[in-house]
Structure formats: C-alpha cells, structure tokens
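Below is one structure, written out as structure tokens; comments come after it.
The values are calculated or read from the model by the stated rules, or taken from the named source; none is laboratory data. Predicted, not measured: the structure shown is a model, and the values here were computed from it. All Cβ positions, glycine included, derive from the backbone under ideal geometry; neighbour counts span all protein chains shown.
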Amino acid sequence: MEVDKVDQIIETYGGEKQALIGILHDTQTEYGYLPKETMKRIAEKVGIPLSHALRVASFYAAFGFEPRGRHLINACLGTTCHVRGMGGILDRIETVIGIGAGETTADQRFTVEIVRCLGCCSLAPVMRIDEKTYGRLRQDKVEDILQRFG
C-alpha cells in the first residue's frame, strides 16, 4: 500500500467523514479491493473508528476486502433468476472456470460473486461480468461468454 496514494484520495475529498463512501470507492478502484492497511489509514485520516469504516464498507456488496480477479462475475440468484434456472447456470460457470462462488481463480482472471438482484428480472436468468449484463442465459452459452474475457 502506498500511503501517499491513499492520502491523495482522502485529500481529494477534503478528508471529510461524510465522503467516506467516495473515498472507499476510489481506494477500491486504485487497488482492486480494500486492503486492511488502507482501511486503517482512511479511518485515521478522516477521524472515525476503524470499526465504523469497516461496517460501512462491509454493508455494500461493491466493496471487497480480498483481491478480486480482473473480471468480476455477478451471478444473480434473486427469485426470478433462481426460478428460471440460474442455479444450473452457476454450476456451469463454476465448472468452466474451476472455482466456486466467492472465490477468485489462481490466475486472478475471474472472481465469482452471488448477488440477490441485478434489477433485470425481465431478462432472467442474468449475470453481469464487469459492466456487461448477459440475460436470458442458458448453460450452453456460458463457455462462449467467458471466453471473451482473456
């Protein structure tokens, strides 16, 4: 962790506690996750307890405390996606890339996370990879989609 980089991010927001989410977002963008050392530094610099900063960061699914792969797969297991077969599609994703939900591939290519809703129920079953949403999924489409992410 570069203390100077974290300090620059904090200073961008004037070191204000009200800007905690913005600071966390920019820090995660910089590192790909929120390292423990950066969380301590952020809490110290904005004048809040570390427990508060961790509580805020852990509330939002967008923040992670472990390194993630270059490509984040969000597999929706909300009611509509579940009913329309996302469980089998998730099994196929896990088989193709060789990891389970909540894990990252050894080559840091993919991280798979379960989400409860991506807000596209009319396209169910749905997954999002990075910023691209794939709807009306079928198990036979999974491998072709994943191969696009080198």
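Taking the stated definitions as given, is S58 over 21 Å from Q108 (Cβ atoms) and under 16 Å from the mean Cα position of the chain (by Cα)? It would help to see each step written out before you state the result.
Values: over 21 Å from Q108 (Cβ atoms): yes; under 16 Å from the mean Cα position of the chain (by Cα): yes.
Criteria met by S58.
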ask   = Got at least one residue in segment 36-47 being acidic (D, E), surrounded by fewer than 17 Cβ atoms within 10 Å (Cβ to Cβ) and either within 20 Å of the chain's Cα centre (by Cα) or more than 23 Å from V3 (Cα to Cα) (or both)?
value = yes
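Applying the selection to segment 22-48, what residues are aliphatic (A, V, I, L, M) and under 13 Å from G64 (Cα atoms)?
First, pick out the residues of segment 22-48 that are aliphatic (A, V, I, L, M): 23-24, 34, 39, 42-43, 46, 48.
The answer is L24, L34, M39.
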message = Which pairs turn up if I take residues in segment 121-133 that are within 24 Å of G150 (Cβ to Cβ) and look for partners that are assigned to a strand (DSSP E or B) and not hydrophobic (A, V, I, L, M, F, W, C) with beta carbon separation below 6 Å, at least 6 apart in sequence or on another chain?
response = M127/Y134; R128/N74; I129/H71; D130/H71
inquiry  = Here are the criteria: (1) out of contact with any Pro (no Cβ under 7 Å at 6 or more places or on another chain); (2) in contact (Cβ under 8 Å) with a residue 40 or more places away in the chain; (3) not in a strand (DSSP E or B). Tell me which single one E113 does not satisfy.
reply    = (3)
inquiry  = Can you go through G22, G88 and tell me which one is assigned by TED's automatic domain parsing to the domain that holds Q139 and either modelled with pLDDT under 95 or not polar (S, T, N, Q) (or both)?
reply    = G88
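Among the listed residues L123, L118, which satisfies the condition of being surrounded by 11 or more Cβ atoms within 10 Å (Cβ to Cβ) and more than 15 Å from L72 (Cβ to Cβ)?
Working: L118 fails: more than 15 Å from L72 (Cβ to Cβ).
Only one candidate passes the filter, namely L123.
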